[in-house]
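Asks: Structure below; questions to follow.
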């Protein structure tokens with residue numbers, strides 16, 4: 001089945017640690033996105049990538065980093081510079097030229 | 001800057017009580033407006049894309065419409081299983097008429113349908 005897989009579903013981070021969230025898609029989509037969702041707020045764009053080896057900052061990129069070495073994969077690293085990382089993180093992809101985005105099931109990150 | 005505002009923030013309906021959700025937007029060069037459904041703890045599920053004013057799309061009890069300033073998601077005779085958060089998002093053209101790639105989301109409307 002084609003789709004977007006995010007892992008892990010739940011992630012706990014200690015203060016000062018970097019953690020990496022995985023996002024893999026087998027839809028052959030060119031563009032991939034990372035969003036953050038906080039209670040009572042909509043989705044806010046962290047980073048997006050429209051082709052391999054290229055990515056752009058979204059609205060809230062500070063404290064995050066990404067890479068796009070393969071078309072299928074777009075991992076997100078939450079660094080220790082992100083002061084309030086507890087949130088629900090969503091990865092999405094879309095076929096360039098088609099507008100709708102398809103989402104993974106999310107990773108819930110909690111700082112302990 | 002693109003802006004998307006959804007209202008109401010929360011809506012409680014009785015089963016069978018039809019209503020509408022609103023999505024107001026400010027964006028230059030609208031490429032498309034999207035509706036998604038999100039269940040608690042899950043990723044958003046795509047519902048509709050609308051491209052131009054006057055366009056309508058339907059799926060079961062849901063109907064989405066679009067004007068130049070807003071979109072409505074009409075829910076006819078809702079059932080408890082329609083309870084979810086409904087998200088609206090816009091996609092605009094980039095420089096030179098190319099696809100910009102960025103989707104801007106509203107904050108969502110939490111719909112609860114009571115039996």
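The values are calculated or read from the model by the stated rules, or taken from the named source; none is laboratory data. Predicted model only: the values in this text are computed from it and were never measured. All Cβ positions, even for glycine, are placed from backbone atoms using ideal geometry, and neighbour counts span all protein chains on display.
Asks: Would you mention how many residues in the stretch B:14-32 are modelled with pLDDT of 95 or more and buried (at least 19 other Cβ atoms within 10 Å of the Cβ)?
Replies: Initial filter on the stretch B:14-32 (modelled with pLDDT of 95 or more): B:14-25.
Narrowing the set further to residues that are buried (at least 19 other Cβ atoms within 10 Å of the Cβ) leaves B:21, B:23, B:25.
Number satisfying all stated conditions: 3.
Asks: Here's a follow-up. Just name the residue that is surrounded by the most Cβ atoms within 10 Å (Cβ to Cβ) out of those in the stretch A:68-78 that are in contact (Cβ under 8 Å) with a residue 24 or more places away in the chain and not in a strand (DSSP E or B). Lay out the reasoning, then the answer.
Replies: Filtering the stretch A:68-78 down to residues in contact (Cβ under 8 Å) with a residue 24 or more places away in the chain leaves A:68, A:71-78.
From the residues that got through so far, the ones that are not in a strand (DSSP E or B) too are A:68, A:71-72, A:74-75.
Working: A:68: 19, A:71: 16, A:72: 18, A:74: 28, A:75: 17.
Here the residue is A:74.
Asks: Something else now. Looking at (1) within 19 Å of residue B:42 (Cβ to Cβ); (2) modelled with pLDDT under 95, which is the only condition residue B:96 fails?
Replies: (1)
Asks: Let me ask you something else. List the strands (runs of 3 or more DSSP E) inside the stretch A:19-67, counting only whole elements, that have at least 3 residues being within 22 Å of residue B:108 (Cβ to Cβ) and either away from every other protein chain (no Cβ under 11 Å) or within 9 Å of the chain's Cα centre (by Cα) (or both). Step through it out loud before you land on a result.
Replies: Details: elements: A:19-25, A:31-37, A:43-51, A:54-57, A:64-66.
Answer list for the stretch A:19-67: A:31-37, A:43-51.
Asks: Would you pick out the residues in the stretch A:79-102 that are part of a strand (DSSP E or B) and over 17 Å from the mean Cα position of the chain (by Cα)?
Replies: Step one: list which residues in the stretch A:79-102 are part of a strand (DSSP E or B), which gives A:87-94, A:102.
Of everything in the stretch A:79-102, nothing turns out to be part of a strand (DSSP E or B) and over 17 Å from the mean Cα position of the chain (by Cα).
Asks: On to the next question. Write out, first by first residue and then by second, each pair whose Cβ atoms fall under 6 Å of each other, whose residues are 6+ apart or on separate chains, and whose first residue, in the stretch A:91-109, is under 16 Å from residue A:73 (Cβ atoms) while the second is surrounded by fewer than 15 Cβ atoms within 10 Å (Cβ to Cβ) and at pLDDT 95 or above.
Replies: Pairs found: none.
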